[in-house]
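Chemist: My questions all concern the structure below.
Values quoted throughout were computed directly from the atomic coordinates according to the rules given, and no laboratory measurement underlies them. Since the structure is predicted, the reported quantities are computational estimates derived from the model, not experimental observations. Positions of Cβ are generated from backbone atoms using ideal geometry, with glycine treated the same way; all protein chains shown enter the neighbour counts.
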Ligand code: SF4
């Protein structure tokens, strides 16, 4: 990674909140405005940034990791390694050998430097691949990292050492629950962070999101049906999200409207800011908000 590059990770506790959509659009708009940008897809189990950025891959580098191997001749099937730790064996039947666990692909998407990690089939060891993606040498002054969803060790491995973490959420009950976990993780790690509420309604409460979230499955045209009876509940989640962020002293950087053009662009594998020029200022403002918080925000350490 570039020595003096600013590193911003886009993360979300819950999947499908639009994290990759925001990460790729942010990279696109920053490059459009003249920044030297690198996009590193650390979501190694589910890398999607390539769909939108459409990079030309120029290099594939295998990633190896040390994995335990049990010698059949020495093992007496006592199961002690199961009880204690997989690497502890009284008969020294366990040795470590190097195995290929995946690869890192590098290339470029226009002026954006690109890297993504991929699992090898049957060897789901994410940490070494994420480390390899983060170690790719880039000549950028802004590095956008797309983190795996959730708050697992893959997420922690991605955000470790970055300058700022953008937590992407949406006004739904599961996303709110996962956001709380993600914020606690950020504060435990002592990282600067801010929240983006995606698919928010025009009043900032998330009312607009009911259009797709509450559609009856399988109902023709249901995707755009609005149910007034559910609006108070959705609005309540938006208010709870804001209140929780306020209590935890986490800034809300932006509220992205529930704009159908994002869904249409994503469905076509396109970047919304690339096809709708009037969306560019939205991402410029988000970049500005991140920069502002990086200068002023002191990391809030959690109790743990
Ligand atoms: S502890 Fe050693 S001998 Fe026992 S089952 Fe594990 S590998 Fe085999």
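Chemist: For the chain, what is the mean residue ellipticity at 222 nm derived from helices alone (per DSSP H run of n ≥ 4: -39500 (n - 2.57); sum divided by total residues; nearest 500 deg cm²/dmol)?
Modeler: Working: 11 runs with 106 residues, N = 304.
So the helix-based figure for the chain works out to -10000 deg cm²/dmol.
Chemist: Could you line up 144, 8, 94 from fewest to most neighbouring Cβ atoms inside 10 Å? Could you put the intermediate results ahead of the total?
Modeler: Numbers: 144 27, 8 23, 94 17.
If I rank by nearby Cβ atoms, fewest first, I get 94, 8, 144.
Chemist: When the gyration tensor of segment 1-139 is built from Cα positions, what are the square roots of 5 times its three eigenvalues, in whole Å, from largest to smallest? Could you put the intermediate results ahead of the total?
Modeler: Working: eigenvalues 295, 47, 30 Å².
Here the semi-axes work out to 38, 15, 12 Å.
Chemist: Further question: Could you work out the Kirkwood radius for segment 6-294, taking every pair of different alpha carbons, averaging 1/r and inverting it, reported in Å? Before the final figure, lay out the partial values.
Modeler: Working: mean 1/r = 0.0488 Å⁻¹.
20.5 Å is the Kirkwood radius here.
Chemist: Cut-off is 10 Å between beta-carbons; in what order do 43, 76, 258 appear when sorted fewest neighbours first? List each step's numbers first, then the result.
Modeler: Details: 43 28, 76 10, 258 22.
Least crowded to most crowded, the residues run 76, 258, 43.
Chemist: What's the angle, to the nearest 10 degrees (0 to 90), between helix 19-32's Cα axis and the longest principal axis of the chain?
Modeler: Value to nearest ten degrees: 80.
Chemist: Give me log10 I(q)/I(0) at q = 0.11, 0.19, 0.27, 0.29 Å⁻¹ for segment 236-304, Debye formula, one equal scatterer per alpha-carbon, no solvent.
Modeler: Taken in order of the listed q values, log10 I(q)/I(0) reads -0.41, -0.92, -1.15, -1.21.
Chemist: Shifting gears a bit: Over what distance in Å are the Cα centres of segment 1-35 and segment 234-304 separated?
Modeler: Each part reduced to its Cα centre gives a spacing of 12 Å.
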